[in-house]
Amino acid sequence: MRRQCPGCLPKKGLREALKAAAAEHLERRLQLRCQDEARIGQNGRTAHRWWERGQCPAGLCDKRFTSAYLCAAACPATGADFALVMPTVSTTAMSLFLDGFSRSLEPDVQAVLVLDQAGWHGSPTLVVPDNITLVPLPPYSPELNPVERGWLYLRERFLSHPLLDDYDAVVQACCNAWSALTATPERLRSLTSYPRLPCVNA
């Protein structure tokens, strides 16, 4: 294990970051993954619903604030995934996520993990396993992270109008929603495979 401060995305972008990772790890296959966290809780999302014209549909809207964080890394090329539900986001939690993600990789894989510049992603005390290379996105650019589309899909299909009794129910809702999404890898692949990514992989 080694400690690593991710720094900044190279000026020439993701392609150059991949080339640098390949040069540093000649004995391994590169695999591009994208990572993000989503807060899921009792005070959830409401959504549009089909209903009879002229009538207002009924819908639950919980005002309580118990929540958890669904942390996930997805492979846009294959739909492969790794996810954990965490009680909070922090450098410690991120280190635990990276450790679990590292153990899920095949022995000859070097994961190039694209992620945003949240404080816990770039902390000097973050422990990054040797088989993971962090590549931060530019600041304030969530639209560049393909996993964001996965969160939108989950909230629209499985997590709208929730009524969750307690923390355990929140965790179970996160697990059920992610399991439903990833039951078909093609669904996750189609959500996360942005048009620019095949060009980067070429």
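Bear in mind these aren't lab numbers, they're just calculated from the coordinates by the rules spelled out. Just so you know, these numbers come straight off a predicted model, no measurement behind them. Here the Cβ positions follow ideal geometry from the backbone for every residue, glycine too, while neighbour counts run over all protein chains shown.
How much length is gained if the chain between Ala118 and Gln172 is pulled fully straight, taking 0.36 nm per residue apart and subtracting their Cα-Cα distance, in nm to one decimal?
Fully extending the segment from Ala118 to Gln172 adds 16.9 nm.
For the range 38-160, the antiparallel share of DSSP beta bridges with both residues in that region comes to about 60%.
Just checking the listed ones, Asp99, Asp165, Asp116: in the Gaussian network model of the chain with Cα springs under 10 Å, the one fluctuating most is Asp165.
Sparse packing (at most 15 other Cβ atoms within 10 Å of the Cβ) combined with a DSSP loop state is found for the following chymotrypsin sites (Phe, Trp or Tyr not before Pro) in the range 97-166: Tyr140.
Result for the chain in a Gaussian network model with C-alpha springs under 10 Å: among Pro129, Pro107, Pro146, the largest mean-square fluctuation is at Pro107.
Which FRET efficiency value, to the nearest 0.05, is calculated for Leu163 and Glu106 with the Förster distance at 45 angstrom and r the Cβ-Cβ distance? Please list the in-between numbers first.
Numbers: r = 41 Å, r/R0 = 0.90.
After rounding, the FRET efficiency stands at 0.65.
How much length is gained on full extension from Asp99 to Ala20, taking 0.36 nm per residue of separation minus their Cα-Cα distance?
Values: separation 79, 0.36 × 79 = 28.44 nm, distance 2.25 nm.
Roughly 26.2 nm would be gained on extension.
The long axis of helix 91-104 is offset from the longest Cα principal axis of the chain by roughly 70 degrees. Taking the longest Cα principal axis of the chain as reference, the axis of helix 167-182 is set at about 70 degrees.
Can you tally the net charge around Ala180? Count Lys and Arg as +1, Asp and Glu as -1, for every other residue whose Cβ sits under 15 Å from the Cβ of Ala180. Intermediate values should be presented prior to the final figure.
Values: positive: Arg155, Arg157, Arg187; negative: Asp81, Glu156, Glu186.
Combined, the nearby Lys, Arg, Asp and Glu give 0.
Relative contact order of the range 34-114, taken over Cα pairs closer than 8 Å and 6 or more residues apart, is 30 percent.
Largest mean-square fluctuation among Ala83, Ala22, Ala68, in a Gaussian network model of the chain whose springs join Cα atoms under 10 Å apart, belongs to Ala22. Computed from point charges on the beta carbon alone (+1 for Lys and Arg, -1 for Asp and Glu), the dipole magnitude for the chain about its Cα centre is near 520 Debye.
Based on alpha carbons, the Rg and Dmax found for the range 71-139 are 11.6, 32 Å. In square nanometres and to one decimal, what's the mean projected area of the convex hull around the Cα atoms of the range 122-196? For the Cα atoms of the range 122-196, the hull's average projected area reads 7.6 nm².
Neighbours of Gln110, meaning other residues whose beta-carbon lies under 12 angstrom from its beta-carbon, give a summed charge of -2 when Lys and Arg score +1 and Asp and Glu score -1.
When only Cα pairs below 8 angstrom with a gap of at least 6 residues are kept, the range 87-202 shows a relative contact order of 22 percent.
Pairs of Cα atoms nearer than 8 Å and 6+ residues apart set the relative contact order; for the chain it is 31 percent.
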